[in-house]
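**Student:** Shown below is the structure under consideration.
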Amino acid sequence: MNEPPPLAIAGAGPAGLVAATLLARAGRRVVVHEKNATVGARFVGDLQVIEDASDRAENVPAMFARLGIPAPRWVPATNAEFFDAKMRRFEVASREPYAWFVTRGPDEGTLDTTLLEGARRAGAEVLFRSRIEPQAADLVATGPQTPDGLARETAFETDATTRVRVLFDPAVAPGGYAYLFTVGGRGTFGCAVVHDLGGIDRYFGRAKEKLLSVDDVPMESPRDAYSFMNFALAPEARRDGKPAAGEAGAFQDYLFGLGMRYAIASGALAAEALLTGGDFAALARERFGRRQRVSLVNRFLYEAGGAFGLSLFARLAARADFRSVLGAFYRPGSVRLALAPLVAALWRNRGRCAHRLPPHWCRAREREVRAVELGRIG
Ligand SMILES: Cc1cc2nc3c(=O)[nH]c(=O)nc-3n(C[C@H](O)[C@H](O)[C@H](O)COP(=O)(O)OP(=O)(O)OC[C@H]3O[C@@H](n4cnc5c(N)ncnc54)[C@H](O)[C@@H]3O)c2cc1C
């Protein structure tokens, strides 16, 4: 009779599903509300990577095992080809995987459906077509809210051999990058930008031309999608007064937008806070705060470096073990930590992000982005 009411989680993305799994396994009643009819509704079977460079102490399979969450079908990434604006090619390699390819979307074997199965097996209830407001939830895991970065992607089937190509060219993907992956019979071509979001189709076309000029790639059953991501600093990890995990809580890798590992880790931490009555914001600050500040500096350097800086990055990446190179970028070193307040101040002063750091450093673009979102993403 004194059983507490079920915990309500808003959003069945990686953050919400991992939190639900851990809470249900600990004996709590959990209901996950998902506004769409399926998990991963904004994705179309596209390939994404879970980065495996930010934590030298624990690789991705070990993290899944420690959390007791089921691993999706994944393929380790140890090689890549980076291209700079002049289409100079740099071969990148690592001894241990620097990332793991997974697919996203509602199909079997994707990260989303695998985590859904895990949550259900643990005893969580997942309700589809069930939108709830953050105020009504115990944990908000509703993903990105304000698009700061926009991507257009084509996911396809292919019999091409493995290719992992990334193009760093600010004229073709301003503030972002373009990529072509063909892995295990699937392929994804994408272009992600963080400036001039309205020009995404133009950038997508140019990037495709450039990346496919290397060689042609057969693309069967192509499916196109637009999607966006948050690059926000919200150290309170709250939305509408409720704890927020994943991109809803502004946990994101500002350097490359690789938010999945953050989503999983912050979802797990949120579950721990709910189970122990701990202060999620304080725990998150302790666990992720330094990394997020460094990440902001990385983004600044990425954007400020222009074509020359990106070419230098590609060159450096090819010179040593890429997992170590990437790991060094993610590590909260003292120089970049010291630069973080300067970067924040600089961006504020230029008017481009003329807002207080929390909750957001680039809401200035919100109106432009909304137009794109309404017109294209629906
Ligand atoms: C094109 C693209 C490529 C990417 N590639 C990579 C990559 O290679 N590697 C990487 O690590 N990251 C990548 N990311 C980022 C990554 O996808 C996200 O960081 C990650 O999915 C965030 O997980 P999440 O659980 O916070 O949110 P989401 O995965 O967005 O899940 C949130 C869920 O909440 C639901 N929802 C929203 N509002 C409500 C509501 N009010 N009520 C109920 N449900 C609601 C949504 O429908 C959604 O299902 C990419 C993103 C994009 C757009």
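The values are calculated or read from the model by the stated rules, or taken from the named source; none is laboratory data. Since the model is a prediction, treat every value here as computed from it, not as a measurement. Glycine also receives a Cβ, built like all others from the backbone with ideal geometry; neighbour counts cover every protein chain displayed.
**Student:** So, GLU272, is that one surrounded by fewer than 20 Cβ atoms within 10 Å (Cβ to Cβ), more than 12 Å from the ligand (Cβ to nearest atom) and at pLDDT 90 or above or not? Can you show your working first?
**Tutor:** Numbers: surrounded by fewer than 20 Cβ atoms within 10 Å (Cβ to Cβ): yes; more than 12 Å from the ligand (Cβ to nearest atom): yes; at pLDDT 90 or above: yes.
Yes.
**Student:** Report, by residue number, each residue of segment 123-153 that is of a type in the set (Val, Ile, Thr), surrounded by fewer than 22 Cβ atoms within 10 Å (Cβ to Cβ) and under 22 Å from PRO5 (Cβ atoms).
**Tutor:** VAL126, ILE132
**Student:** Of everything in segment 80-136, what is of a type in the set (Ser, Thr, Tyr) and under 22 Å from GLY259 (Cβ atoms)? Give them in sequence order.
**Tutor:** At the first step, the residues of segment 80-136 found to be of a type in the set (Ser, Thr, Tyr) are 94, 98, 103, 110, 113-114, 130.
Of everything in segment 80-136, those that are of a type in the set (Ser, Thr, Tyr) and under 22 Å from GLY259 (Cβ atoms) turn out to be SER94, TYR98, THR103, THR110, THR113, THR114.
**Student:** Here are VAL32, VAL49: which of them is crowded, with 24+ Cβ neighbours inside 10 Å, within 10 Å of the ligand (Cβ to nearest atom), of a type outside the set (Ser, Thr, Tyr) and closer than 21 Å to TRP74 by Cα? Please lay out each step first, then the result.
**Tutor:** Numbers: VAL32 fails: closer than 21 Å to TRP74 by Cα.
So the residue among VAL32, VAL49 that is crowded, with 24+ Cβ neighbours inside 10 Å, within 10 Å of the ligand (Cβ to nearest atom), of a type outside the set (Ser, Thr, Tyr) and closer than 21 Å to TRP74 by Cα is VAL49.
**Student:** Same structure again: For the subset of segment 298-321 comprising residues that are out of contact with any helix residue (DSSP H, G or I) (no Cβ under 7 Å at 6 or more places or on another chain), under 15 Å from PHE83 (Cβ atoms) and not small (Gly, Ala, Ser), which member is surrounded by the fewest Cβ atoms within 10 Å (Cβ to Cβ)?
**Tutor:** Out of the qualifying residues, it is PHE308.
**Student:** Taking the stated definitions as given, is ALA57 modelled with pLDDT of 95 or more and away from the ligand (no atom under 14 Å from the Cβ)?
**Tutor:** So ALA57 does not fit the description; no.
**Student:** Among the residues of segment 214-230, is any in contact with a His (Cβ under 9 Å, 6 or more places away or on another chain), within 13 Å of the ligand (Cβ to nearest atom) and not aliphatic (A, V, I, L, M)? Break it down stepwise before answering.
**Tutor:** Within segment 214-230, the subset in contact with a His (Cβ under 9 Å, 6 or more places away or on another chain) is 230.
After this cut, where a residue has to be within 13 Å of the ligand (Cβ to nearest atom) as well, the list is 230.
Imposing the further condition that a residue be not aliphatic (A, V, I, L, M) reduces the set to 230.
Yes, there is a match, as at least one residue in segment 214-230 is in contact with a His (Cβ under 9 Å, 6 or more places away or on another chain), within 13 Å of the ligand (Cβ to nearest atom) and not aliphatic (A, V, I, L, M).
**Student:** Taking segment 255-288, which residues are hydroxyl-bearing (Ser, Thr, Tyr) and closer than 18 Å to GLU236 by Cβ?
**Tutor:** TYR262, SER266
**Student:** Quick one: in segment 170-228, of everything that is among the basic types (Lys, Arg) and under 17 Å from PHE43 (Cβ atoms), which residue is surrounded by the most Cβ atoms within 10 Å (Cβ to Cβ)?
**Tutor:** Ranking the qualifying residues of segment 170-228, first place goes to ARG186.
**Student:** Further question: Determine the pairs where a residue that is touching a residue at least 12 places away in the same chain (Cβ under 8 Å), located within segment 29-40, has a partner that is within 6 Å of the ligand (Cβ to nearest atom) and assigned to a loop (DSSP other than H, G, I, E, B) with Cβ atoms under 6 Å apart, the partner being 6 or more residues away or on another chain.
**Tutor:** Correct list of pairs: VAL32/ALA12; HIS33/ILE132; GLU34/ALA12; LYS35/ARG131; VAL39/ALA12.
**Student:** Can you pull out every residue in segment 138-162 that is closer than 26 Å to ALA237 by Cα and in contact with a Pro (Cβ under 9 Å, 6 or more places away or on another chain)?
**Tutor:** Of the residues in segment 138-162, the ones closer than 26 Å to ALA237 by Cα are 138-151.
Within segment 138-162, ASP138, LEU139, VAL140, ALA141, THR142 meet the criteria.
**Student:** Next question. Can you tell me which residue is farthest from ASP196 (Cα to Cα) among those in segment 119-151 that are basic (Lys, Arg) and away from the ligand (no atom under 11 Å from the Cβ)?
**Tutor:** ARG121
**Student:** Only one residue in ARG104, ARG120, ARG95, ARG88 is among the basic types (Lys, Arg), modelled with pLDDT of 95 or more and surrounded by 22 or more Cβ atoms within 10 Å (Cβ to Cβ). Which one?
**Tutor:** When all the criteria are applied, what remains is ARG104.
**Student:** Mind telling me which of the residues SER221, SER227 ends up being at pLDDT 90 or above and assigned to a strand (DSSP E or B)? Let's see the steps before the verdict.
**Tutor:** On the way: SER227 fails: at pLDDT 90 or above.
SER221 is the lone residue from the list that is at pLDDT 90 or above and assigned to a strand (DSSP E or B).
**Student:** Can you tell me which residues in segment 1-29 are away from the ligand (no atom under 14 Å from the Cβ) and farther than 14 Å from ALA271 by Cα?
**Tutor:** MET1, ASN2, GLU3, PRO4, PRO5
**Student:** Something else about it: Please verify whether ALA232 is crowded, with 19+ Cβ neighbours inside 10 Å, modelled with pLDDT of 90 or more and either of a type outside the set (D, E, K, R) or not in a strand (DSSP E or B) (or both), treating the condition exactly as stated. Show your work before the answer.
**Tutor:** Details: crowded, with 19+ Cβ neighbours inside 10 Å: yes; modelled with pLDDT of 90 or more: no; either of a type outside the set (D, E, K, R) or not in a strand (DSSP E or B) (or both): yes.
Taking the combined requirement at face value, the residue does not satisfy it.
**Student:** Still on this structure, please answer the following. Can you work out which of the residues in segment 193-213 that are among the hydrophobic types (A, V, I, L, M, F, W, C) and either touching a His at 6+ places or on another chain (Cβ under 8 Å) or not in a loop (DSSP other than H, G, I, E, B) (or both) is modelled with the lowest pLDDT?
**Tutor:** Filtering first and then ranking leaves LEU197.
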